[in-house]
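Contents: one structure, followed by commentary.
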Amino acid sequence: MLEVIILAAGQGSRMQSSTPKVLHPLAGRPLVAHVLQTARRLNADRIHVVVGYGAEAVQSAVAAADVQCHLQAEQLGTGHAVKQAISSCQPTSTVLVLFGDVPLITEKALRSVLAKAETGVAMLSATLPNPAGYGRVVRSAAGEFVAVVEERDATPEQRALQEINTGVLAAKADQLAGWLDRVGNQNAQAEYYLPDVLGLASEDGMRVEVVCSEDDFDTQGVNTPQQLEQLERLHQGTLADQLMNGGVRVSDRSRLDIRGRLQCGRDVRIDINVVIEGDVVLGDAVSIGANCILRDTQVGDNAQILPFSYLAGASVSAGAVIGPYARLRPGSVIDEKAKVGNFVEVKNAHVGKGAKASHLAYLGDADIGPGANVGAGTITCNYDGAEKHRTILGENVFVGSNSTLVAPLTIESGGFIAAGSTVTDDVKTDQLAVARGRQRNVDGWQRPVKPSESE
């Protein structure tokens, strides 16, 4: 049985924020959410999260059927934190300790640690060119584990070591509980250090296995805004590389942000400053222009999303053209080869095959039939102050520029709306609707003047 304990009680004072450190976002999700996801990939039987600062907020963020939270009322060190959860673990379980502020720890590295823990206790280390701030791993001349020494308590010779303790360790629950009971706080911080259990295990004749991580960044924690930004860029670069390895053309890997899950077909092109949020699926030969945001959206083959467009909760079919400067709000369905052009907003509307709204329009709560053409400045007046109503345009309807369509309204196939009309009544098939005041030209009109100009 595998149980995971995630330490998430710290405030993170160096973040200079009232937000608990583990709730700061990386790639659009809290740091601790990344750790939870990795724990679940290990098929953990139970997951324990130790909370402290901002406990309610952290508990809310991690709430799930497979998560049990434990309160560390006083933050007295990592060893003390683990003690808050260890009594809830089955004695025969293997316990894996993770940290809520180390978001990119890999499943591969953790499985290596768990494999070593089958015969004893195992820890994860890493070799850093600049190990400042981390506890050092001390080895014997033969390369065997001796101890972990925190930087504040290390000698100059120990501080020169580059192998650091990541804090990740695995052991049997009953053994770990016994060692934690023996951990003291005779150190510079007067804290109960979790790594001290490794020395105690060694004293008891237990072999301590050390697994050195293959990558540097996957074991990096977050303590400052600068570290969070650096980790964000490292992570985004990795995601961009994965896309390009799959054939996606990314214009600039440093100017792509994936804050969710992105699935791409073949020959996809993504320009600069594109942001992906939620679940986004791009079909074959899709082109995403510069400065676009896509959230929870599906885009069909050969569709074009032109620059500065924002799509949220939308479905775009094959060959459609969106933008530039278009906005598709939730419930927008754009059929094949339709066009939603510059400064057009669509909300809870279905734009049919080959239909066009090329510029400067609002289409809310509407059904736009195949081949329809919506002129510039057209709006569907869908809200009466209390209820939303629907506008229906049939096949090949033509709506002249600067028209106002007051819902509920149906314009049947082939209907034609004259420019500048305010339409309140249904229009039958092949009818022309003209709903505007008659123009009157006044001869000899004298332009008004200000009193000062007439003196």
Scan the stretch 25-42 and tell me whether some residue there is of a type in the set (D, E, K, R), out of contact with any strand residue (DSSP E or B) (no Cβ under 8 Å at 6 or more places or on another chain), within 26 Å of R111 (Cα to Cα) and assigned by TED's automatic domain parsing to the domain that holds L194. yes
With respect to the numbered conditions (1) over 21 Å from H34 (Cα atoms); (2) in contact with a helix residue (DSSP H, G or I) (Cβ under 8 Å, 6 or more places away or on another chain); (3) part of a strand (DSSP E or B); (4) touching a residue at least 60 places away in the same chain (Cβ under 8 Å), which one is the sole condition not fulfilled by Q189? (3)
Residue that is in a strand (DSSP E or B), more than 30 Å from R46 (Cβ to Cβ) and out of contact with any Asp or Glu (no Cβ under 6 Å at 6 or more places or on another chain), where the choices are V211, V168, V146: V146
Filtering the stretch 39-54 down to residues that are more than 22 Å from the chain's Cα centre (by Cα), of a type outside the set (A, V, I, L, M, F, W, C) and assigned to a strand (DSSP E or B), which residue is surrounded by the fewest Cβ atoms within 10 Å (Cβ to Cβ)? R46
Kindly evaluate R159 against the criterion of being assigned by TED's automatic domain parsing to the domain that holds F99, surrounded by fewer than 21 Cβ atoms within 10 Å (Cβ to Cβ), among the basic types (K, R) and more than 23 Å from Q90 (Cα to Cα). yes
For the stretch 160-180, enumerate the residues that are in contact (Cβ under 8 Å) with a residue 24 or more places away in the chain and more than 19 Å from L98 (Cβ to Cβ). L161, Q162, E163, D174
Can you say whether G364 is assigned by TED's automatic domain parsing to the domain that holds A326, over 22 Å from A326 (Cβ atoms) and small (G, A, S), as far as the supplied structure shows? no
Counting just the residues of the stretch 55-89 that are among the acidic types (D, E) and modelled with pLDDT under 95, which one comes out surrounded by the fewest Cβ atoms within 10 Å (Cβ to Cβ)? E74
Taking the condition of being surrounded by 20 or more Cβ atoms within 10 Å (Cβ to Cβ) and farther than 16 Å from D365 by Cβ, how many residues in the stretch 382-399 meet it? 2
Hits in the stretch 245-261 - residues which are in a strand (DSSP E or B) and either under 19 Å from L31 (Cα atoms) or in contact with a helix residue (DSSP H, G or I) (Cβ under 7 Å, 6 or more places away or on another chain) (or both): V250, L256, D257, I258, R259, G260, R261
Determine if the stretch 215-225 includes at least one residue that is part of a strand (DSSP E or B), buried (at least 20 other Cβ atoms within 10 Å of the Cβ), among the hydrophobic types (A, V, I, L, M, F, W, C) and within 18 Å of the chain's Cα centre (by Cα). no
So is D425 modelled with pLDDT of 95 or more, charged (D, E, K, R), over 25 Å from G323 (Cβ atoms) and not in a strand (DSSP E or B) or not? yes
I want to confirm something. Restricting to the stretch 256-297 and keeping residues that are polar (S, T, N, Q) and within 15 Å of the chain's Cα centre (by Cα), which single residue is farthest from Y325 (Cα to Cα)? Q263
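The values are calculated or read from the model by the stated rules, or taken from the named source; none is laboratory data. Because the structure is predicted, anything quoted here is derived from the model rather than measured. Backbone-built Cβ (ideal geometry, glycine too); neighbour counts: all protein chains shown.
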